[in-house]
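Contents: one structure, followed by commentary.
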Ligand code: GKR
Ligand code: MG
């Protein structure tokens with residue numbers, strides 16, 4: 001029987017352009033942590049989670065609890081970790097668009113790396129370990145952002161004049177409806193996406209609703225549209241502007257904060273609502289069902305506690321008539337591969353999944369960037385996740401982490417570099 005012998009935790013920093021959201025601005029580098037678990041018979045499994053020095057420290061603490069354990073016994077692994085770290089409140093998620101909990105991210109990083117190991121030992125892809133493949137390709141959505149001009153990374157707000165196609169479009173400013181349509185055209189041309197999401201919560205709702213109307217005009221009724229103000233609207237604002245969007249949206253993502261407010265807006269508007277902010281853990285489900293706070297839960301294996309937990313969530317969604325789609329943050333190919341295995345195993349995929357991947361240019365896997373065909377990614381067929389760590393790239397990206405000095409994501413501080421004194425408000429309009 002294989003036993004866990006080594007755990008390597010490597011924080012990395014990847015180039016990220018100056019994208020805007022309700023909480024401020026993306027830093028020139030997004031942080032990720034790469035986890036590698038090695039067994040005593042030298043089988044290695046990998047995973048990727050959002051980078052945060054507190055989560056990295058907790059992972060270091062978890063190492064001693066995991067060494068010597070059977071990577072197949074994920075039930076025991078979960079129990080040991082829960083016992084040590086205790087329960088984590090829903091409030092630990094924080095008010096920002098992204099999830100700041102520790103334990104769920106530890107679970108997911110350990111689980112995905114162990115599933116990679118199990119897949120390699122059994123010679124089966126992770127999708128088979130999640131119950132089996134339901135489709136060969138998993139569709140993703142374009143994910144648009146308002147942004148300042150800039151390439152991110154060492155160029156920060158500067159641009160690379162030699163870039164062409166999407167590489168150039170990714171650096172252009174997008175601060176109004178016309179430039180959002182241009183961004184959508186460039187992204188869809190490059191990746192073949194057939195549905196579009198706009199990250200909102202940046203400008204007053206009038207501008208964002210006009211951006212959606214402009215996208216509808218440019219792409220027509222056959223391209224499903226979504227907008228995500230990250231819970232920064234008041235209930236009245238969501239109802240007023242939501243009415244203008246009725247009929248053109250596939251779903252409205254987190255227009256308002258909290259399950260109660262989401263339920264009010266949902267009753268009033270009759271547009272499908274989705275969330276990655278108000279129903280984000282199993283403990284939130286009973287109240288969500290009682291109130292009717294959303295139609296679609298956006299799973300994210302990184303903060304739902306792993307791929308198996310996301311399959312459990314999918315069963316709960318089926319039982320209670322909820323749809324399931326997927327949320328993402330800035331990420332590389334190990335996360336994308338895990339998302340694709342999950343998307344490949346879900347009983348149904350009625351919605352194209354979110355991904356930030358087009359905004360990234362770095363990679364940490366052998367063979368470089370994963371290819372999209374007509375907006376979809378092929379479910380890897382090799383054993384485990386089907387992707388391997390590029391150790392040279394890992395070294396370089398870890399050096400970026402050491403050089404950039406960032407330790408956790410703080411979009412408010414980044415925004416203050418552009419707009420001195422700018423403050424994040426949980427509800428703004
Ligand atoms: O990367 O700025 C961003 C997004 O706002 C991200 O942090 C969110 O978690 O994509 C996310 C969302 O759908 O809320
Ligand atoms: Mg969202």
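Observations, loosely collected:
- Relative contact order [Cα under 8 Å, 6+ residues apart], the chain, whole percent: 23 percent
- D (Stokes-Einstein, µm²/s), Kirkwood Cα radius, the range 182-242, 0.890 mPa s at 25 °C: 199 µm²/s
- Once Rg and the Kirkwood radius are both taken over the C-alpha atoms of the range 129-378, their ratio Rg/Rh works out to 0.96.
- Cα-based shape type of the range 298-370, given that a ≥ b ≥ c are square roots of the gyration tensor eigenvalues and the cut on a/c is 1.5: prolate
- DSSP beta bridges confined to the range 240-399 are antiparallel in about 20 percent of cases.
- Residue exposure proxy: 322, 69, ordered by other Cβ atoms within 10 angstrom of their Cβ from fewest to most, comes out as 69, 322.
- Most to least packed among 332-345, 215-228 [average Cβ atoms within 10 Å]: 332-345, 215-228
- Relative exposure of 279, 33, judged by other C-beta atoms within 10 Å (fewest first): 33, 279
- The range 116-153 and the range 328-371 have Cα centres lying 3 Å from one another.
- Angle in degrees between helix 391-404 and the longest Cα principal axis of the chain, rounded to the nearest 10: 60 degrees
- Tail beyond 19 Å, pair distance distribution of the range 347-403 (Cα, percent): 45 percent
- Within the chain, helix-based [θ] at 222 nm, where runs of 4 or more DSSP H residues each add -39,500 (n - 2.57), nearest 500: -11500 deg cm²/dmol
- Residue of 28, 139, 286 that the Gaussian network model of the chain assigns the largest fluctuation, springs spanning Cα pairs under 10 Å: 286
- Beta bridges from DSSP with both residues in the chain: antiparallel share about 55 percent, rounded to the nearest 5.
- Both radii are taken from the alpha-carbon atoms of the chain; with Rh as the Kirkwood radius, Rg/Rh is 0.94.
- All-pairs Cα distance distribution in the range 25-164, expressed in whole percent, bin size 10 Å: 9, 30, 30, 22, 8, 0
- Considering only beta bridges that DSSP places wholly inside the range 129-378, some 20 percent are antiparallel.
- Principal-axis tilt of helix 259-269 within the chain, Cα atoms, nearest 10 degrees: 40 degrees
- Ranked for footprinting exposure by Cβ neighbours inside 10 Å, fewest first, 257, 63, 206, 32 give 206, 63, 257, 32.
- Rounded to the nearest 10 degrees, the angle from helix 235-245 to the longest Cα principal axis of the chain is 80 degrees.
- The range 294-429: C-alpha gyration tensor shape, a/c 1.5 cut-off, then a/b vs b/c: oblate
Each reported figure results from applying straightforward, stated rules to the coordinates on display, with no laboratory input. Please read these numbers as outputs of a predicted model, since none were measured by experiment. No Cβ is skipped: glycine too gets one built from the backbone with ideal geometry, and neighbour counts run over all protein chains shown.
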